Amino acid sequence: MSLYTDEMELWHVLNRGVEKRNIFLDVRDRFRFVHGLLLFNTKRPANNTTYILSDNHNDFRSRYDPEERIVDVHGWCLMKNHYHLLLSDKVDGGLTLFLRKLNIGYAKYFNERYDRDGALFQGKTKKVPIRKDAHFLHILNYIHLNPLDFDSANKGWRNVGIKDLRGASTYLAKYRWSSYQDYCGHKNFPSVTNTEYFSGFFKNVKSSTEKYLKDIQLDSSHMLE
């Protein structure tokens, strides 16, 4: 029996810059993408997709109606040259429509801001269904742990494991460009992420993540014995 119901299907979604180029060059770019997660989460046509984000972020929140959502965003993370999303449909075809608007909208913004032409993303967005319990239990941690690639104290963690457990936990808690802070109870972009579904399983996502980090540390130490 599956740990989760069949009422919805979860998808791990990711895409990266063409030729692995960086697609988030500064804070403004990251804000623009995150607000796209709100603005494009509706059936309404995407207007003004090339806007340059102003300092008044409340202006964009005011255009968002949670009742119009076509997908639920259960988790997300922005890296330098790619993004990760954990999504489920709220309406038929919601996932496809949302991703098309999100990718096209951000590409138009990026090309206008940096005076470039052509494709920004390397190709079709990869969508991986989450259908096995092991995948379900792993996926949110996998998405949230990506920023450790930038943590100098745990450089190479994917291959050699976690060297500084406390440092890794602190680094993830301070990394703004993921859903992890909102799962930990620190309001970062609370309108973006539906934390209820996974919080219902893990009860305390922060504790679950720290245990996951410790398990990685123990597994890697055993490999070195």
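The values are calculated or read from the model by the stated rules, or taken from the named source; none is laboratory data. All of these numbers come straight from a predicted model, not from anything done at the bench. Using ideal geometry, Cβ is built from the backbone for each residue, glycine included, and neighbour counts are taken over all protein chains shown.
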Tell me which residues, restricted to the range 14-27, are farther than 16 Å from residue 115 by Cα, under 17 Å from the mean Cα position of the chain (by Cα) and not in a strand (DSSP E or B).
27
Residue check for residue 194: surrounded by 13 or more Cβ atoms within 10 Å (Cβ to Cβ), of a type in the set (S, T, N, Q) and not assigned by TED's automatic domain parsing to the domain that holds residue 37
yes
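With respect to residue 207, is the statement that it is in the same structural domain as residue 146 (by TED's automatic domain parsing), under 14 Å from the mean Cα position of the chain (by Cα) and either in a loop (DSSP other than H, G, I, E, B) or under 23 Å from residue 10 (Cβ atoms) (or both) true? I'd like the intermediate steps shown before the answer.
Numbers: in the same structural domain as residue 146 (by TED's automatic domain parsing): yes; under 14 Å from the mean Cα position of the chain (by Cα): no; either in a loop (DSSP other than H, G, I, E, B) or under 23 Å from residue 10 (Cβ atoms) (or both): yes.
Considered against the rule, which asks whether it is in the same structural domain as residue 146 (by TED's automatic domain parsing), under 14 Å from the mean Cα position of the chain (by Cα) and either in a loop (DSSP other than H, G, I, E, B) or under 23 Å from residue 10 (Cβ atoms) (or both), residue 207 comes out as no.
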Subset tally (residues that are farther than 13 Å from residue 12 by Cα and surrounded by 20 or more Cβ atoms within 10 Å (Cβ to Cβ)) for the range 76-94
1
Have a look at 73, 27 and point out the one that is of a type in the set (Val, Ile, Thr), modelled with pLDDT of 95 or more and either crowded, with 21+ Cβ neighbours inside 10 Å or on the phi > 0 side of the Ramachandran plot (or both).
73
If you check every pair at least six apart or on different chains, which have Cβ atoms under 7 Å apart with a residue in the range 206-225 that is closer than 18 Å to residue 134 by Cα and surrounded by 13 or more Cβ atoms within 10 Å (Cβ to Cβ) first and a residue that is among the β-branched types (Val, Ile, Thr) and modelled with pLDDT of 85 or more second?
213/162; 216/162
